[in-house]
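J.: Quick one: this structure, given as structure tokens, is what I'll be asking you about.
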Amino acid sequence: MNKKTNDENQHRRPLFEVLNQHRKKEKVSFHVPGHKNGVNWDEQLTSFHTMLSFDQTEVSELDYLHEPVGALKESQDLLGELYGSKKSYYLINGSTVGNLAMIMGSTTKGDQVFVDRSCHQSVIHALELAELRPIFLTPELTELDETPLGITLARLEEAFENYPSVTALIVTYPTYDGMVYPLEELIAYARKRKCFVLVDEAHGPHFTLGEPFPVSALDLGADVVVQSAHKMLPSLTQTAYLHLGHQVSSLIKHKIEHYLHVFQSSSPSYPLMLSLEYARYFLACFNENDLNATLAYRDLWKIQFEKAGLKSFQSSDPLKVRVSWGNHSGEVLAAQLEKQGIFSEKADHFTVLLTFPLLKQTTEVREPFCIQLPEHLEIKEIENEETNFSIASYTELDLSYQSQNSSRMKRILLADAEGQIAAQNITPYPPGIPLVLKGERITIEQIRQLNHFVKQSMRVVGLGNKMELTVFSEND
Ligand SMILES: Cc1ncc(COP(=O)(O)O)c(C=O)c1O
């Protein structure tokens, strides 16, 4: 386990202490928020009242997120200490804002950057806002369910041969499904090429716990790392962390802080920040017994899956398990599980992804129960037909972000899209890798593939029922 866990200093919660004292004071509020400690609140939601007493604004003793000097600074410093960063930040608009600030703060307009094509949309939005020149690297796919599995060193080396002046590598680690790949090799190679490494570690804020969790991107030497605390730790939705590696210059640090200021609210929610502090404290107090309780709970569920005739597949992250049910699709299995009150993280054509919680030894949880699946459900066979999902190893945009900004758009049918430049992304699931990216010229092969996916009833995000899409109107 991380050597910082169970460090006495890490048991402190400075933000909680100052907020708790403040809320108990006899006081009259002549400041925002408008609920004034809950006085005019919804009578049907009285259970919110305690939470509302923590929902304060940045009055002097409660510090200021964008320039912290008191409790918030102390609280964020403890976070940095736990993760071993140069500096760590609380984010109140998810990894979405973290990716925007990380990318905009670490690059300069017009820079060429390598980007994992299976990245989250916030990464693509950042590339666009920063007016970068991305080279999208196509990731490997898992054998199990054809979901993305990161960039290989061979692909990165090959790409560097063709684009020697790239300044940053942007990757997703772990994948949404909790799989890891040799990021250390990529970082070492990128370093040799004087290239910055930016990691969207949205699904790995708990990796800092150490074994049996995979090694965290920060420990592998990444320069900047963004994590969705809310995805895997006990913190509120929208909360995330951004960490800087020790090698990051003060200039980049300053630029990232500037963009956090630009993109984050000037009225950050104290309940959100309180939960970020709690998540750090929770990790710091997490011990071997808690780990054993966490893994034992997961294993009891795996036994129930097996009894119900499901096959389970363990991801690299011990908290993520995929299950499949014979020849039924993941979507069919997810619907059956929901009928029994089991709600999954996501389902695709092959598997259902389940995300398990970190548990304290003393946490009371619902005992795993017997799963009843119908014996005679008509099998909508998973089509074995070759999906032929093919994208070149790396691709560039045909219309730069700068030119996109001054181009008009129009809606057309997919059938008429050959040779047009897409003004939106189109992403089939699985694998969840955009087949067409905003700014790419659409080929007849891509149109054939998209028609094929739709015929197979696969989810194709970006193509409505009318099979229409938005393109740039180059000649109008
Ligand atoms: C890989 C990845 N990065 C970033 C995000 C955005 O995270 P958030 O919801 O915390 O803004 C997500 C959300 O699903 C994600 O899967």
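The values are calculated or read from the model by the stated rules, or taken from the named source; none is laboratory data. These numbers were taken from a predicted model, which means no experiment stands behind them. For neighbour counting, all protein chains shown are included, and Cβ atoms are generated from backbone atoms with ideal geometry for every residue, glycine included. Side chains included, ligands, DNA and RNA excluded: accessible areas come from the protein's heavy atoms. Shrake-Rupley method; radii C 1.70, N 1.55, O 1.52, S 1.80 Å.
J.: Considering the range 232-252 alone, what residues qualify as being away from the ligand (no atom under 16 Å from the Cβ), open to solvent by 80 Å² or more (accessible area, probe 1.4 Å) and among the polar types (S, T, N, Q)? Steps first, answer last, please.
T.: The first filter runs over the range 232-252 and keeps only residues away from the ligand (no atom under 16 Å from the Cβ), leaving 244-252.
Cutting the leftovers down to open to solvent by 80 Å² or more (accessible area, probe 1.4 Å) gives us 246-247, 250-251.
Gln247, Ser250 - these are the residues of the range 232-252 that are away from the ligand (no atom under 16 Å from the Cβ), open to solvent by 80 Å² or more (accessible area, probe 1.4 Å) and among the polar types (S, T, N, Q).
J.: Here's another thing I want to ask about it. Mind telling me which of the residues Leu300, Leu319 ends up being closer than 24 Å to Pro214 by Cβ and over 27 Å from the mean Cα position of the chain (by Cα)? Even if it seems obvious, please write down each step before you answer.
T.: Working: Leu319 fails: over 27 Å from the mean Cα position of the chain (by Cα).
When all the criteria are applied, what remains is Leu300.
J.: Specify which of the listed residues (Tyr259, Tyr281) is touching a residue at least 60 places away in the same chain (Cβ under 8 Å) and either outside the structural domain of Asn20 (by TED's automatic domain parsing) or in contact with a helix residue (DSSP H, G or I) (Cβ under 6 Å, 6 or more places away or on another chain) (or both).
T.: Values: Tyr281 fails: either outside the structural domain of Asn20 (by TED's automatic domain parsing) or in contact with a helix residue (DSSP H, G or I) (Cβ under 6 Å, 6 or more places away or on another chain) (or both).
Going through Tyr259, Tyr281 in turn, just one is touching a residue at least 60 places away in the same chain (Cβ under 8 Å) and either outside the structural domain of Asn20 (by TED's automatic domain parsing) or in contact with a helix residue (DSSP H, G or I) (Cβ under 6 Å, 6 or more places away or on another chain) (or both): Tyr259.
J.: List, please: which pairs have Cβ atoms under 6 Å, are six or more places apart or on different chains, and start with a residue in the range 186-197 that is modelled with pLDDT of 95 or more and end with one that is open to solvent by 10 Å² or more (accessible area, probe 1.4 Å) and not in a helix (DSSP H, G or I)?
T.: Short answer, once both residue conditions are applied: Ile187/Leu220; Ile187/Gly221.
J.: I'm trying to understand the selection: among the residues of the range 69-126, which are away from the ligand (no atom under 14 Å from the Cβ) and charged (D, E, K, R)?
T.: Result: Lys73, Glu74, Asp77, Glu81, Lys86, Lys87, Lys109, Asp111.
J.: A further question on this structure: Only one of (1) more than 16 Å from the ligand (Cβ to nearest atom); (2) of a type outside the set (A, V, I, L, M, F, W, C); (3) open to solvent by 10 Å² or more (accessible area, probe 1.4 Å); (4) touching a Phe, Trp or Tyr at 6+ places or on another chain (Cβ under 8 Å) is not met by Glu161, so which one is it?
T.: Glu161 satisfies every listed condition except (4).
J.: Still on this structure, I have one more. Out of curiosity, is Pro214 open to solvent by less than 10 Å² (accessible area, probe 1.4 Å), within 16 Å of the ligand (Cβ to nearest atom) and in a loop (DSSP other than H, G, I, E, B)?
T.: Details: open to solvent by less than 10 Å² (accessible area, probe 1.4 Å): no; within 16 Å of the ligand (Cβ to nearest atom): yes; in a loop (DSSP other than H, G, I, E, B): yes.
The answer is no for Pro214.
J.: Still on this structure: So, of the residues in the range 217-230 that are buried (at least 24 other Cβ atoms within 10 Å of the Cβ) and over 12 Å from Leu183 (Cβ atoms), which turns out to be farthest from the ligand (Cβ to nearest atom)?
T.: Of the range 217-230, the ones buried (at least 24 other Cβ atoms within 10 Å of the Cβ) are 217-218, 222-229.
With over 12 Å from Leu183 (Cβ atoms) added as a condition, the list becomes 223-224, 226-229.
Details: Asp223: 17, Val224: 14, Val226: 7, Gln227: 9, Ser228: 4, Ala229: 8 Å.
Filtering first and then ranking leaves Asp223.
J.: Also: Give the residue, chosen from Glu26, Glu74, Glu67, that is over 27 Å from the mean Cα position of the chain (by Cα) and charged (D, E, K, R). Working first, answer last.
T.: Working: Glu74 fails: over 27 Å from the mean Cα position of the chain (by Cα); Glu67 fails: over 27 Å from the mean Cα position of the chain (by Cα).
After ruling out the rest, the residue left standing is Glu26.
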